[in-house]
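Scroll down for the structure; my scribbles are underneath it.
The values are calculated or read from the model by the stated rules, or taken from the named source; none is laboratory data. It should be emphasised that the depicted structure is a prediction, and the values quoted were computed from it without experimental measurement. Glycine gets a Cβ as well: all are built from the backbone with ideal geometry, and neighbour counts include every protein chain shown. For the accessible areas, the whole protein counts, side chains as well, though only heavy atoms, and no ligand, DNA or RNA atoms are used. Shrake-Rupley method; radii C 1.70, N 1.55, O 1.52, S 1.80 Å.
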Amino acid sequence: MRIGIIAHLKHPIAEPFAGGLEMHTHLLARSLRDRGHAVTVFASSRSEPALGLEAICTETAITSVGTTEASDIAFFREHHAYLSLMTSLRDRDFDVIHNNALHYLPLTMADSLPMPMVTTLHTPPFCWLESGIRLCEAPNHALVAVSQSVATQWSHVAPADAVILNGIDLRKFVFRAQADSAPYLVWYGRIVPEKGLHLAIEAARLIGLPLRIAGPVLDEDYYRAVIAPALGSDIIHVGHLAHRELAQLVAGASAFLCTPLWDEPYGLVVAEALACGVPVAAFARGAIPEILDSSCGVLATPDDVGSLAEAGRAALALDRRACRARAEQMCDANRMVESYEALYQQQIDLGRPVPRDGRAAMHLVPPSSPESLRAMLHG
């Protein structure tokens, strides 16, 4: 298939990844190319060229447009980039477009495309994306949720056509049967308030084990005011690591503390920790309860440091092989990509408008069963 993937433009689709969405887009594009598809990724100019990059957002592309009247230059640049892309796609020779962005324009302009489009919902509803979905009138457009939690949250706006759990490359997160001899806990991800790092620091001190922190500082005020003063010999921020170093850090941990203060749409960090054999103690939010079970993780009351500390102590006793087995069962990228391939082919084969009421049948696909999705798509 000839597949165009629309990325979001806040961060480049390249390592070290700013977050889970960048990693997901990179993995999807690379996996599809490895399977023989012709893939073009529409992303920002600093993204990885080997993905089949076609940069749609650069400084030079904006200078000829002019920004004198724009009060929010970044918003205008993003708007113009997607507007230009969607206009150009009308005359491009793709079999299917996969919209992996968080912007409203690809959705609102989907009905102008001659090829089908698949949009993946990576976040809970927010006003801009919600307005785009409400205005989307494309007859051959499919909505995919990355978890049942996300599908439920969007159900008041539009039903999801399918639930396809995100996946990770299990080969890149190597299993370790034993943690480092000097035990430590790990927390990693974007350092922003909604990720709740400050609560992980408090819980680690209650547990009585050192905490190693990895990830980019994307909110400088939060880091300076809340995180930096809490650092010490037992709580260390090792920086924003490349993949190899990050995987080694995670694999050596005795447990992973996951502390979202919002309904996490999926939780790639949870999947990565499990793949390394690391038990997880996490706030029971969003999709995390869909990934974890009692063999590999312990759920804590959201926002409750004491509950998280108890969960962390309990997680230390879990079987690391069971954690890896859970990752292989639920989080394998091959299953994710196969499910998307089947959905692309279904949309291509339809070759006619998709009835609005046709969404309900695919919405019944269990989120943990890509095999069921493939069986449904192929009849």
* Structure fact -> The answer for the stretch 166-268, accessible area per residue at 1.4 Å probe in Å², is 41
* To do: Sort the stretch 203-317 into rounded, prolate or oblate with this rule: let a ≥ b ≥ c be the square roots of the eigenvalues of the Cα gyration tensor; rounded if a/c is under 1.5, and if a/c is not under 1.5, prolate when a/b is larger than b/c, oblate otherwise.
  => rounded
* Asked: With every protein chain kept in the model, how would you rank 24, 11 by accessible area, 1.4 Å probe, largest at the top?
  -> 11, 24
* Structure fact -> Taking r as the C-beta separation of residue 171 and residue 90 and R0 as 30 Å, the FRET efficiency to the nearest 0.05 is 0.20
* Considering Cα pairs under 8 angstrom that are at least six residues apart, work out the relative contact order of the chain and quote it in whole percent. => 16
* Leaving ligands, DNA and RNA out of it, work out the accessible area of residue 105 with a 1.4 Å probe and give it in Å² to the nearest 10. => 10
* On the protein heavy atoms, probe 1.4 angstrom, tell me the percent of accessible surface of the stretch 257-346 carried by carbon and sulfur. => 45
* Obtain the nm distance between the two label points defined at residue 194 and residue 316 by a simple spin-label model: each point lies 7 Å from its Cα along the Cα-to-C-beta direction. => 3.3
* Calculate for the chain the 222 nm mean residue ellipticity that helices alone would give, adding -39,500 (n - 2.57) per DSSP H run of length 4 or more and normalising by residue count, nearest 500 deg cm²/dmol. => -11000 deg cm²/dmol
* To do: Multiply the residue separation of residue 134 and residue 178 by 0.36 nm, subtract the distance between their alpha-carbon atoms, and state the gained length in nm to one decimal.
  => 10.9 nm
* **Any cysteine of the chain lacking a neighbouring Cys Cβ under 4.7 Å - listed by number** => 57, 127, 136, 258, 276, 331
* Size of the stretch 185-237 along its principal axes in angstrom, Cα-based, largest extent first? -> 27, 19, 16
* Asked: Hey, what's the Kirkwood Rh for the stretch 111-256 if you take every pair of different alpha carbons, in angstrom?
  -> 18.3
* Asked: With all pairs of different alpha carbon atoms counted, what Kirkwood hydrodynamic radius in Å does the chain show?
  -> 21.5
* Asked: How many nm separate the modelled label positions at residue 226 and residue 79, each set 7 Å beyond the Cα in the direction of the Cβ?
  -> 3.1
* Asked: Any idea how far apart residue 328 and residue 243 come out in nm if each label point goes 7 Å out from Cα toward Cβ?
  -> 2.1
* Kirkwood Rh, Cα atoms: Rg over Rh of the stretch 1-150 -> 0.94
* Asked: Among 177, 276, 28, which residue has its Cα positioned farthest towards the positive end of the charge dipole of the chain, with +1 placed on the Cβ of Lys and Arg, -1 on the Cβ of Asp and Glu, and the dipole taken about the Cα centre?
  -> 177
* Exposure of residue 332 as accessible area (Å², to 10), given a probe of 1.4 Å and all protein chains -> 40
